[in-house]
1. Roughly how large, in nm² to one decimal, is the mean projection of the convex hull of the alpha-carbon atoms in the chain?
2. For a protection proxy built on the mean count of beta-carbon atoms within 10 angstrom, sort 196-202, 153-159, 126-132 highest first, please.
3. To the nearest µm²/s, what D does Stokes-Einstein give for the range 254-293 at 20 °C and 1.002 mPa s, using the Kirkwood radius over alpha carbon pairs as Rh?
4. Sort 268-281, 180-193 for me by packing, meaning the mean count of neighbouring Cβ atoms within 10 Å per residue, highest on top.
5. From the P(r) of the range 114-156, can you give the percent of Cα pairs sitting at distances over 14 Å?
6. If one computes the Cα centroid of the range 110-160 and of the range 273-300, what distance in Å separates the two points?
7. Need one number for the range 194-298: average projected area of the convex hull over its C-alpha atoms, nm².
8. Write down Rg/Rh for the range 8-176, rounded to two decimals, with Rg from the C-alpha atoms and Rh from the Kirkwood relation over Cα pairs.
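Any read-out appearing in this document is the output of simple, stated calculations on the displayed coordinates, not a laboratory observation. All values reported here derive from a predicted model rather than from experimental measurement. Cβ atoms come from the backbone with ideal geometry, glycine included; neighbour counts cover every protein chain shown.
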């Protein structure tokens with residue numbers, strides 16, 4: 001944070017859409033750049049479901065990173081809304097940063113993303129992520145092959161998880177921001193409301209602690225947020241699940257699984273918000289929720305039909 005305010009005439013501010021295939025490391029990169037958790041992460045693909053903005057201050061520049069859902073071939077109404085949110089984030093931003101999993105290389109999914117980006121004729125940067133997981137001699141040929149598919153204005157070799165190569169990326173982003181007033185207060189790290197943060201932290205624990213078909217068939221909604229006189233808050237969340245079998249897995253033997261999900265989510269929320277959080281979870285079976293317009297809008301997505 002800057003110790004003295006930046007004069008308005010010297011301020012720069014811009015939006016950078018973080019794009020890529022599922023599991024490329026976009027959310028890990030955004031959190032590492034922000035220096036705190038602003039978006040959830042898990043080893044499972046399609047973790048991010050809607051756009052989340054992280055606000056960085058670098059010198060005289062305010063950089064707004066727009067974390068977007070991974071782009072994939074959609075099947076459900078929810079999938080279509082997620083992919084639309086990703087492309088919408090790219091369209092609204094000053095430029096886009098394509099994050100590529102260097103270990104996975106050039107997949108068919110990545111080729112389709114690059115083909116669509118080529119049609120947009122916009123400023124585009126490339127971040128080869130997870131470079132610590134492949135031999136160094138493979139990096140330049142991979143970058144060269146990607147540049148043949150699409151000319152990038154800048155290329156970065158990074159490891160978001162190890163926080164390697166991020167200083168240069170921040171500096172270059174700051175230089176690239178257009179002149180203009182800052183869009184967010186200096187102490188604001190994200191545009192994610194606390195109610196949505198609570199729901200996302202619970203969903204992250206579902207992703208991390210359940211397997212089989214459960215994770216991507218679960219939706220979490222914060223039903224109520226009650227401030228208490230002692231400065232703590234009571235938070236009631238409902239987890240919607242598609243089938244009875246998934247509900248049984250989520251609750252676990254004698255309720256142990258849901259208790260553990262609640263315990264870990266409560267601890268994380270308490271740490272993130274720096275105040276005691278009393279979290280209560282309820283699980284409801286709701287077949288076909290991922291095709292419901294209302295549920296998709298409740299997730300912060302626009303229904304694409």
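1. 17.1 nm²
2. So the peptides 196-202, 153-159, 126-132, ranked by packing, come out 196-202, 126-132, 153-159.
3. It diffuses with D of about 177 µm²/s by this estimate.
4. Details: 268-281: 16.1, 180-193: 14.6.
Going by the mean number of other Cβ atoms within 10 Å, highest first, we get 268-281, 180-193.
5. 50 percent
6. For the range 110-160 versus the range 273-300, the Cα centre distance is 36 Å.
7. Averaging across all directions leaves 6.4 nm² for the Cα convex hull.
8. 0.94
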